[in-house]
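Step one of this worksheet: look at the structure below.
The values are calculated or read from the model by the stated rules, or taken from the named source; none is laboratory data. None of the values given here were measured: they were computed from a predicted structure. All Cβ positions, glycine included, derive from the backbone under ideal geometry; neighbour counts span all protein chains shown. Areas reflect the complete protein model, heavy atoms only, side chains present, ligands, DNA and RNA absent. Shrake-Rupley method; radii C 1.70, N 1.55, O 1.52, S 1.80 Å.
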Amino acid sequence: MIIRKITTALSTLSFLLLLPALVLAQGRVVESDSHRFEEVAEGVWLVSGTGSVFTMSNVMVLVGEFDTLVVDSHVTPAAARALLDSLPVITDKPVRYLVNSHYHFDHAHGAQAFPEGIEIIGHEFTRKKLNGELGNVLEENTFKSFSDPVPSAVANLERQAAAETDPARKARLEERHRVQRDYMNAIGEVEPTPPNITLETKMTLFQVVADGSREIQLHHFGRAHTGGDVLIYLPQDKIVFTGDMMLPGLAYMGDGHVDEWPATLDGLLTLDFDTWLPGHGPVMRSKETIGYFQAYLRDLWVKTSQMHSSGVNFEDAAQQIDMSNHSQNFAQIRGAGVDPRAIRRIYQLLDE
Ligand SMILES: [Zn+2]
């Protein structure tokens, strides 16, 4: 009994002594001017922009004993250069691998800024898209629908800043204008850069770390947000980087396979993880969101199919389809109407 008490006291003591170290390893945040690095586990960082450079998406950085692996490259070479210039705040190990979660511009158009000779790993479909084999990504609807409005947004911000009389608000508007103008100019520099190593369903890398090796699994469980989504899974840390296949909110569906997406998310759910890092947004712990999103996708497919078979055109269908029965799970849903790019895409799949 006494021994037991002492043991308990000792383990409580050692727990308290360990606690600061645990907090340090799992919650450490380091910033450069342009980037915020959050250490999710030892050597595993979720990286986002601070706002001084337009980055548009998250990056994951895995620091090993001899090298660094980066997942995704932001929206422009300029944003990627700011990332690479910031890496010394967390490591001096050189970048050896860049992994593409998928081909979309906001995750892949920084690749050309990475050092010559590094390996870029992505799905076969991602290579075909960024290689131009399936058409020029700079001319497709997704890239254009996000990038074409940028010049008018820049002009608007310039006008608003000029008209603002409150000094603090004026300064904020001028800063936003500068960031968006730099982004606009950086778009012109983009040369889509494909992966030089591809996978079809699975690849595993073993990165040397201080106490052994870190297993890095790349999985393609099927089509979802694009035709080539890759999840990056770290079994030892029970962490998965989901890209845009799974976000805290509703993902863009303009290149999606909404009919196949829920089954692909079942693949994600077969992995043993307790933390997921999305392509946009904060570190996530809840798996409930994944089930909610599967339900949304299935419902959207049914509702859109009904509109399609009734002969309603996609623009009208996008205004009429009401997904507000999911609004308690997704705050961005406010009444009827969905992104017309999603409905156009589903119509395209239904017409195939
Ligand atoms: Zn995307």
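Values as computed for the structure displayed
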item	result
Residue in segment 42-53 that is within 27 Å of Asn141 (Cβ to Cβ) and touching a Gly at 6+ places or on another chain (Cβ under 8 Å) present	no
Some residue of segment 283-294 being open to solvent by 50 Å² or more (accessible area, probe 1.4 Å) and among the aromatic types (Phe, Trp, Tyr)	yes
Residue in segment 45-64 that is under 18 Å from the mean Cα position of the chain (by Cα), more than 21 Å from Gln207 (Cα to Cα) and not in a loop (DSSP other than H, G, I, E, B) present	yes
Those residues of segment 224-238 which are away from the ligand (no atom under 13 Å from the Cβ) and either crowded, with 21+ Cβ neighbours inside 10 Å or free of Cβ contacts under 8 Å to residues at least 40 places away in the same chain (or both), in sequence order	Leu231, Ile232, Tyr233, Leu234, Pro235, Gln236, Lys238
All positions within segment 254-279 that are in a loop (DSSP other than H, G, I, E, B) and either open to solvent by 10 Å² or more (accessible area, probe 1.4 Å) or not assigned by TED's automatic domain parsing to the domain that holds His220 (or both)	Gly254, Asp255, His257, Asp259, Glu260, Thr270, Leu271, Asp272, Asp274
Residue selected from segment 41-55 under the condition more than 18 Å from Val209 (Cβ to Cβ) and in contact (Cβ under 8 Å) with a residue 60 or more places away in the chain, by the criterion most open to solvent (accessible area, probe 1.4 Å)	Phe54
Scan of segment 103-152 for residues that are among the β-branched types (Val, Ile, Thr) and either within 13 Å of the ligand (Cβ to nearest atom) or closer than 30 Å to Gly43 by Cβ (or both), ordered by number	Ile118, Ile120, Ile121, Thr126, Val137, Thr142
Candidate set from segment 85-102 (those that are open to solvent by 10 Å² or more (accessible area, probe 1.4 Å) and closer than 17 Å to Thr193 by Cα); member that is nearest to the ligand (Cβ to nearest atom)	Tyr97
Subset of segment 56-79 (residues that are open to solvent by less than 20 Å² (accessible area, probe 1.4 Å) and out of contact with any strand residue (DSSP E or B) (no Cβ under 9 Å at 6 or more places or on another chain))	Val75, Thr76, Pro77
In segment 61-98, the residues that are without any contact (Cβ under 8 Å) to a residue 60 or more places away in the chain and among the acidic types (Asp, Glu)	Asp85, Asp92
Residues satisfying the stated conditions in segment 188-199, i.e. surrounded by fewer than 19 Cβ atoms within 10 Å (Cβ to Cβ) and either out of contact with any strand residue (DSSP E or B) (no Cβ under 7 Å at 6 or more places or on another chain) or of a type in the set (Gly, Ala, Ser) (or both)	Gly188, Glu189, Glu191, Pro192
Count of residues meeting criterion [open to solvent by less than 50 Å² (accessible area, probe 1.4 Å) and touching a residue at least 40 places away in the same chain (Cβ under 8 Å)] in segment 296-328	4
